[in-house]
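Engineer: Once you've had a glance at the structure underneath, I'll fire off some questions.
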Amino acid sequence: MCVIKVQELKTIFGKKVIHDGLNLHVKKGEIYGLLGPSGCGKTTLLREMVMLQDFHSGSVEIFGQDIKKMDQNQQQLLRQNWGVLFQFGALFSSLTLKENIALPLVEYTNLSSAMIDEIVKFKIKIVGLRYSDANLYPSEISGGMKKKAGLARALSLDPKLLFLDEPTSGLDPISAREFDRLILQLRDMLGLTIVMVSHDLQSIYDTLDRVAIIDNKKIAFEGTLNEVMSVQSDFIQTFFKEKQ
């Protein structure tokens, strides 16, 4: 089953063309990586998928629905089917971790406070945080804890699709590998489909099932890492060599 399908996507900022006919597809249950050199438009593409940014032409279908052909109410309902972990967590500094994680539940459900508390406890547990940390503020915790709290918030509405923007960026090597293991565990435990932007070569090798490599405004390659390494392409070979 195809969860995301991007066809002939074109992105233009002023006179600058960022994407010029991107095509890719993300399968249900896989961890899919958006890779490429800095400035190629990876995060831009992710933002377009989650409807934080518009694109010039082409189409993006998520769960079989063309996001360009939906009205605002339909788009808002669709958004509740995915979670997003931004690069630096994007936690609200004036809210505690518990309040940050609970926010989507407060905004988009009619659940009781007691039920929301139980859900928040569960989400905190599955991302590897302690419930004793729940009343801390983002300024009082480490970068790794911020990532986990952001991940717990992204999972608060039980999405089946998860978007991760540089999830291991800024983490020390031990914390980064711990986060990789967490992503794999959550995919298996919750039946998630995950789309991830990453520059971390170890994370790329350890977590991704398939990748799309963006170069020169198009998808230079889409497939498994084993397939990537067998492609006779100077760009692809250089890209992975430079990452090592």
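Here, each number is a calculation from the coordinates, and none is a lab measurement. Nothing here was measured: the structure is a model prediction, and the numbers come from that model. So basically every Cβ, Gly included, is an ideal-geometry build from the backbone, and we count neighbours across all protein chains shown.
Engineer: Which percentage, to the nearest 5, of the DSSP beta bridges contained in the chain is antiparallel?
Structural biologist: Close to 55 percent.
Engineer: For the chain, what is the charge dipole size about the Cα centre, in debye to the nearest 20, if Lys and Arg each add +1 at the Cβ and Asp and Glu each add -1 at the Cβ?
Structural biologist: 140 debye
Engineer: Another question about this same structure. Give the dimensionless ratio obtained when the Cα radius of gyration of the range 41-151 is divided by 2.2 N^0.38 Å.
Structural biologist: Dividing the Cα Rg of the range 41-151 by 2.2 N^0.38 Å gives 1.22.
Engineer: A further question on this structure: Out of TYR32, VAL228, ALA134, whose Cα points farthest toward the positive end of the dipole of the chain (charges: +1 Lys, Arg; -1 Asp, Glu; placed on Cβ)?
Structural biologist: Checking the options against the dipole of the chain, the answer is ALA134.
Engineer: Once Rh for the range 199-244 is found with the Kirkwood sum over Cα pairs, what is the Stokes-Einstein diffusion coefficient at 4 °C and 1.567 mPa s, in µm²/s?
Structural biologist: 119 µm²/s
Engineer: Could you put THR96, THR11, THR168 in order, starting from the residue whose Cβ has the fewest other Cβ atoms within 10 Å?
Structural biologist: THR96, THR11, THR168
Engineer: What is the distance, in nm, between label points placed 7 Å from the Cα along the Cα-to-Cβ direction at THR238 and at GLN72?
Structural biologist: Result for the modelled spin labels: 4.7 nm.
Engineer: With a ≥ b ≥ c taken as the square roots of the eigenvalues of the C-alpha gyration tensor of the range 101-164, please select rounded if a/c is under 1.5 and otherwise prolate if a/b is larger than b/c or oblate if it is not?
Structural biologist: oblate
Engineer: Something else: Averaging over all projection directions, find the projected area of the Cα convex hull of the range 1-70 and quote it in nm² with one decimal place.
Structural biologist: So the Cα hull casts an average projection of 4.8 nm².
Engineer: Give me the log10 of I(q) over I(0) for the range 91-244 at q = 0.11, 0.14 Å⁻¹, as the Debye formula computes it from C-alpha points; what are the numbers?
Structural biologist: -0.51, -0.75
Engineer: Related question: Using the alpha-carbon centroid of each, what span in Å lies between the range 203-244 and the range 137-151?
Structural biologist: One Cα centre to the other: 31 Å.
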